[in-house]
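The next block holds one structure in the form of structure tokens; read it before the comments.
Read-outs throughout are calculated quantities, based only on the coordinates presented, and are distinct from any laboratory measurement. Quick caveat, the model's predicted, so the values are computed rather than measured. With ideal geometry, Cβ positions are generated from the backbone for all residues, glycine too; neighbour counts draw on all protein chains shown.
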């Protein structure tokens with residue numbers, strides 16, 4: 001059996017590759033390192049994909065036909081935030097000769113496609129950052145630049161941690177409203193004050209990379225009823241709903257039964273104060289939308305997008321999905 005689709009889902013921390021046969025069978029799979037072209041450059045980042053792909057190729061059954069001769073490469077990649085970046089990365093992958101055709105999409109599309117039986121709906125991903133995409137079976141898409149504050153974004157684990165620190169610092173020194181965050185945030189690191197935490201973060205006693213640990217502390221503090229923490233959770237729920245409803249509107253799906261899928265570490269944690277509020281707010285904006293957290297692996301979405309592109313029959317899609325249940 002020949003490889004029909006080379007599916008790649010590459011995030012900042014890991015890369016998953018799956019080689020899909022013509023009948024939808026997963027012939028082999030592998031995992032590699034993170035995909036970070038802004039940090040290491042495009043050639044080195046693509047080398048990470050190549051290493052994972054080599055592992056998957058090495059695991060192919062002996063009866064598999066020539067790899068790459070007619071395969072379609074479906075790559076859903078982190079840091080492919082703009083269409084121009086998708087085009088640049090597609091060109092870099094085409095140069096490697098991994099398949100007869102290549103399509104690169106932002107990795108949020110993989111989460112969306114993994115969660116639906118047809119390419120229709122909207123996905124909002126909230127992990128370190130926040131992003132939203134939508135698609136319809138006729139090929140229309142809705143998306144945002146999602147590259148930070150300069151593109152109007154707010155939220156994500158990193159953003160929430162920064163906001164929690166801001167409010168807690170002001171609460172401790174009297175510039176802001178009192179908040180339990182003044183004790184909870186430094187307490188997470190075994191410190192007794194926000195001043196001590198600020199000093200540790202500023203002088204490197206606590207690595208910057210550990211700030212993300214404060215996001216669960218924020219949610220725990222909100223669950224305890226702290227008004228400042230609750231206000232931040234409320235704002236995130238409003239941001240998620242704003243992105244989802246705008247994407248639905250662009251695709252003409254606001255008044256239709258359409259899925260709104262939630263993914264990423266913050267939304268996948270299923271904090272009741274956040275996810276329940278998202279459902280409540282979205283019901284007012286898009287009454288027929290169905291909200292759920294995606295549990296399927298994103299590499300499945302990359303593979304399904306590949307099968308969409310190759311025109312595979314519905315039973316091929318079903319066979320592929322059944323292997324990830």
message: Which order do the peptides 37-43, 52-58 come out in when sorted by mean C-beta neighbours inside 10 angstrom, highest first?
response: 52-58, 37-43
Structure-based [θ]222 nm, the chain - -39500 (n - 2.57) summed over DSSP H runs of at least 4, per residue, nearest 500: -14000 deg cm²/dmol
message: Let's test this: bin the Cα-Cα distances of the range 228-317 at 10 Å from zero up to the farthest pair and state each bin's percent.
response: 16, 38, 32, 12, 2, 0
- request: Sort 280-287, 28-35, 241-248, 311-318 for me by packing, meaning the mean count of neighbouring Cβ atoms within 10 Å per residue, highest on top.
  value: 241-248, 28-35, 280-287, 311-318
- prompt: Within the P(r) computed for the range 23-85, what percentage of the Cα pairs occupies the region above 20 Å?
  reply: 36
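What fraction of the DSSP beta bridges in the chain is antiparallel, stated in percent and rounded to the nearest 5? Show your work: numbers first, answer last.
On the way: 22 of 42 bridges.
Close to 50 percent.
Over the chain, what per residue volume does the convex hull of the Cα atoms give, in whole Å³?
On the way: hull volume 45.1 nm³, N = 325.
For the chain, the hull spanned by Cα atoms encloses 139 Å³ per residue.
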- request: Give the distance, in whole Å, between the Cα centre of the range 228-242 and the Cα centre of the range 80-101.
  value: 36
query: How far is helix 298-310 tilted, in degrees, relative to the longest principal axis of the Cα atoms in the chain, given as a value from 0 to 90 rounded to the nearest 10?
result: 40
message: Can you compute the radius of gyration and Dmax for the range 116-295, using only the Cα atoms, both in Å?
response: 17.8, 57
- prompt: Using the scaling law 2.2 N^0.38 Å as the reference, what is the normalised Cα Rg of the range 1-156?
  reply: 1.04
query: Among the DSSP beta bridges whose two residues both lie in the range 116-295, what percent are antiparallel, rounded to the nearest 5?
result: 55
